[in-house]
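Only the coordinates and a few stated rules stand behind these numbers; no lab work does. Computed from a predicted model, the values in this text were never measured in an experiment. Counting neighbours? That spans all protein chains shown, and the Cβs are built from the backbone with ideal geometry, glycine included.
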Amino acid sequence: MANLQGNTCFVFDRDETAIPAAFSDEELDKPWLHRVAAIQSVTLNLPRLGYKAEGDEKKLFALLKEFMEKAVKAHVQKKDFIEKLLSYAEEGPLSLLAMNHDGFPFLRMNMASYIIGAAGLNELAQIYLGSELHQSPDALAFGLKVIDYMKREARRLSREFKMKFVLGQSLAETTAYRFARLDLKYFSPAAGRYVKGDITEGAIYYTNSTHLNVAADVTPLQRVIQEGLFHNYLEEEVFTHLQLGGSNPGKEKLSKFIRKVFYDSVNRQIDFNPEFTFCLACEKTARGLNEKCIYCGSADVEGIARLTKYFSKISSWNKGKLAELKYRKINNNFEK
């Protein structure tokens, strides 16, 4: 199913962390009490901090601290607003979340988390060291240093505000595109050297979250191992996406690869992303993105590929995501 359809995710539970230590005995006995929610996600534009810091690492981390505090301010405002709506109970617009049938509101705000995400860690490393994350050990170490600092700041701010701030993987269907466009407008010519894609067509983007460049010439296992190093710092759902394109590695190769991932990495979750062409004329689906239907020859076709967590028609994608799709490195060497 993973090989042919791509709708399977593989989650690697290597130890007892599958049961959060924060569960009380009562919650372990009554798991329905453990109702958690992420209220919202605020994403930081890391390359912009790099442009502003102008090569001064001390200034960079000062700016990072300042921006994380701004993200927390946004989270506090959202929390206050949601709690005000919940205070109206069954008479308010969030009556479903306020219902109480087991001694607690359905939405337990005291257990909610607030996500701080990042876009462009890869480009930030490139700004400072001249290398992308996959191009040198120093760049990878720098990226881990940044994320480690963000993790420690999130913990400090959690203690200060008595809220659960966590680092997460921003999905960024539009954010990486929007940030790149804004930086090209306000931080040129520097931004022009680091945004990915095609500037002349306005099809630009930053590498999302803590991922390696989608075009990085690395083996699938290298990608999984290196991206997995960041997973220890992230909470909620984290992924490494492996692009199959129109290739068909086969179930045997993928099953062997999944075992390698389990034993040779600390990566928490992977998925395999094939691409498809759906013909609007004969209504058949073929592997890969094709300009014409391989069955009937019609040019009335629709491309389908994964957009972050789900598959969708590429005709609805923005220019940045289409550029990312164009430059994606197809992973077909699962034996190394």
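Positive-end ranking of Ala139, Ala89, Tyr295 along the dipole of the chain, with charges on Cβ about the Cα centre, is headed by Ala139.
Report the charge-dipole magnitude of the chain in Debye, nearest 20, computed about the Cα centre from +1 at each Lys and Arg Cβ and -1 at each Asp and Glu Cβ.
640 debye
Between amide H atoms placed 1.01 Å from N, distances below 5 Å from Val301 occur with Leu280, all of them 5 or more places distant or on a separate chain.
Listed by chain and number, the lysines whose C-alpha is less than 17 Å from the C-alpha of Lys70, apart from same-chain residues fewer than 8 away, are Lys52, Lys59, Lys78, Lys79, Lys151, Lys162, Lys164. DSSP finds beta bridges in region 167-301, and of those with both partners inside it, around 60 percent are antiparallel. Compactness of the chain is given as radius of gyration and Dmax, 21.7, 63 Å, from Cα positions.
For the chain, the residue among Ala190, Trp317, Met163 whose Cα projects farthest onto the positive side of the dipole built from Cβ charges is Ala190. Each peptide in 208-214, 188-194, 40-46 receives the mean, over its residues, of other Cβ atoms within 10 Å, and ordering these scores from highest gives 208-214, 40-46, 188-194. Near Lys251, which aspartates and glutamates are there with a Cα under 18 Å away, not counting those fewer than 8 places off in the same chain? Excluding near neighbours in sequence, the set is Asp271, Glu275, Glu335. Ignoring aspartates and glutamates fewer than eight residues from Lys73 along the same chain, the ones with Cα atoms less than 19 angstrom from its Cα are Glu83, Glu153, Glu160. Each of the peptides 114-125, 275-286 was scored by the mean count of other Cβ atoms within 10 Å over its residues; in descending order, highest first, they stand as 114-125, 275-286. Between Phe106 and Lys256, the modelled labels are 5.0 nm apart [label points 7 Å from Cα along Cα→Cβ].
The calculated 222 nm mean residue ellipticity attributable to helices in the chain amounts to -12000 deg cm²/dmol, summing -39500 (n - 2.57) over DSSP H runs of n ≥ 4 and dividing by all residues.
Give the long-range amide H neighbours of Leu244: residues separated by 5 or more places, or on another chain, with amide H under 5 Å away, using H modelled in the peptide plane at 1.01 Å from N. It is Asn273, Asn331, by chain and number. Highest mobility in the GNM of the chain, judged by mean-square fluctuation with C-alpha springs under 10 Å and restricted to Ala215, Ala98, Ala112, is found for Ala98.
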